[in-house]
Structure formats: C-alpha cells, structure tokens
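One structure below.
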Amino acid sequence: MLALLLELCAVLVPPPPVRGASRFFLDTADVREWKALLPLGIFHGVTTNPVLLERAGVRCTVGECHRLARTAFELGAAEFMAQAWGGDTDSLVASGLALRSANPERIVVKVPVTADGTAAAARLVSAGTRVCLTACYSREQALVATAPRLTRDVPRSGAEYLAPYLGRIGDAGHDAHAELEAMQAIARGLGGGTPLSSPRAPRRIQRLFPPGLDTFTFSPAIARELFSDTLTAAAAASFE
C-alpha cells in the first residue's frame with residue numbers, strides 16, 4: 001500500500017521548483033570564457049552577435065555559428081543566440097533560417113528592431129523560429145516584440161525575447177531604468193517577449209527586480225563580479 005501511495009504521489013504531485021524563472025546569459029563568443037564560466041552552473045545560455053564574433057576572432061558565417069552552438073551545448077548551455085545578417089528582410093530571413101537549422105529548439109535568432117528586422121522576425125516566427133529582437137532603445141519598440149504571434153496564418157513579429165541596450169540608453173541621455181520598467185510593463189500586460197537586458201554593473205540589477213525584470217546577459221568581466229569578493233575569498237581561505 002505504501003509503495004502504491006508513493007507512486008501516486010510521484011505522478012500527481014509535481015516536484016518542488018529548484019529555482020525561479022530567471023535566466024542569465026553569458027554575452028561573448030570567446031570559447032575560452034565559456035569553458036571558464038559555464039561550469040559555474042548559473043548561466044542558462046550564451047548570446048552572441050557579429051561584433052562579439054569579430055572580437056573573438058570568429059568568422060561571421062553560418063558554419064562557424066553552428067560550430068559555436070555545438071560547443072556551447074556541450075559545455076552545458078541550454079540556449080544559443082546568434083544574430084542574423086543582411087541589408088534587407090529577405091537576407092535576414094535567409095540567414096536566420098540557416099542559423100536555426102542546426103538546432104531549432106535551442107538556437108534563438110536575433111534580429112534588430114528595424115522595419116526590415118521586424119518584417120523578418122514575423123516571417124521567422126511564423127516558420128517556427130525562436131526570435132530575439134535586439135538593439136532596442138525605447139518602450140515603443142517593446143510593442144513590436146509583444147505583437148501577437150501567428151494568427152489565422154498571418155505572420156506576426158511577436159518575439160520570445162527583447163534585448164534593450166541598458167547602458168547605451170543611459171548614454172543617450174534617457175532614464176534607462178524607467179525605459180526598461182516600461183518595457184517590462186508592456187510585455188507583462190500584453191503577454192509578449194521577455195526583456196533581456198545587459199547591465200554594466202551587477203548592483204544595477206537590484207533596481208530591475210521590483211518591476212519583474214529577471215532575465216539578463218553578462219559580459220565575462222561583469223559575470224565574474226557576481227561571485228568575486230575579497231572578503232568571501234578570505235573567508236574561504238580561512239575555512240581551508
């Protein structure tokens with residue numbers, strides 16, 4: 001009887017959650033940084049773009065992105081984000097479909113929130129591609145990311161992620177945190193994409209949690225600041 005009850009509990013009662021819905025991403029195409037930081041177990045995935053590829057000495061080709069994606073997955077990443085390229089909608093769609101072809105369930109295609117990028121996002125989403133709209137600077141652009149998904153065979157741009165440039169919004173003279181809070185309110189109210197912000201300092205994150213922002217991408221330098229503290233290092237040494 002006890003064994004039967006245990007079996008029923010295992011089926012009917014879901015296991016307790018291990019962690020919340022927050023997701024942290026590592027923002028680099030440098031495999032050496034992946035090998036050093038992904039084993040920490042705090043990063044859900046990796047984000048890249050053509051600029052990061054260039055910095056890492058990686059050619060911006062579909063084949064190289066597929067190679068990077070395989071490496072990221074082998075190192076424990078659940079998702080890999082690669083940015084589509086091309087000067088028009090058709091080119092963005094073509095490169096986006098090629099990028100996602102290696103692993104459609106785990107590769108997220110990034111496209112900029114431009115007119116061509118938005119049109120490309122609509123076609124990519126309608127084709128079953130996971131999309132992140134990137135280079136977002138204003139709350140109005142959040143409406144693009146939260147547009148309804150495919151409805152009655154009409155392609156919509158609704159993306160899974162929206163990537164605002166937190167630091168650059170502030171550099172442009174705007175209240176970056178106010179913009180992100182507005183983006184989150186729009187996303188939550190319309191049931192759309194998740195804002196994926198990139199803070200320049202870990203302590204700035206504490207202002208973003210109250211409005212519900214919980215998904216971030218970190219450069220390797222900022223990632224190390226998450227667990228780097230001289231007092232903690234001294235305490236750990238004394239334990240040993």
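The values are calculated or read from the model by the stated rules, or taken from the named source; none is laboratory data. Keep in mind it's a predicted model, so treat the numbers as computed, not measured. We place every Cβ from the backbone using ideal geometry, glycine too, and count neighbours over all the protein chains shown.
Please tell me if Phe216 is touching a helix residue (DSSP H, G or I) at 6+ places or on another chain (Cβ under 9 Å), part of a strand (DSSP E or B) and not polar (S, T, N, Q).
yes
Applying the selection to the range 219-240, what residues are touching an Asp or Glu at 6+ places or on another chain (Cβ under 6 Å) and not in a helix (DSSP H, G or I)?
Of everything in the range 219-240, just one residue is touching an Asp or Glu at 6+ places or on another chain (Cβ under 6 Å) and not in a helix (DSSP H, G or I), namely Ser219.
For the range 195-230, how many residues are more than 21 Å from Asp171 (Cβ to Cβ) and hydrophobic (A, V, I, L, M, F, W, C)?
4
Quick check on the range 28-38. Is at least one of its residues charged (D, E, K, R), assigned to a loop (DSSP other than H, G, I, E, B) and surrounded by 16 or more Cβ atoms within 10 Å (Cβ to Cβ)?
The answer is yes, given that some residue of the range 28-38 is charged (D, E, K, R), assigned to a loop (DSSP other than H, G, I, E, B) and surrounded by 16 or more Cβ atoms within 10 Å (Cβ to Cβ).
Does the range 175-192 include one or more residues that are under 27 Å from Asp90 (Cβ atoms) and either modelled with pLDDT under 85 or out of contact with any Pro (no Cβ under 8 Å at 6 or more places or on another chain) (or both)? Break it down into steps so the answer makes sense when it comes.
To start, the set of residues in the range 175-192 that are under 27 Å from Asp90 (Cβ atoms) comprises 192.
Next, only the ones that are either modelled with pLDDT under 85 or out of contact with any Pro (no Cβ under 8 Å at 6 or more places or on another chain) (or both) stay: 192.
Looking through the range 175-192, at least one residue is under 27 Å from Asp90 (Cβ atoms) and either modelled with pLDDT under 85 or out of contact with any Pro (no Cβ under 8 Å at 6 or more places or on another chain) (or both).
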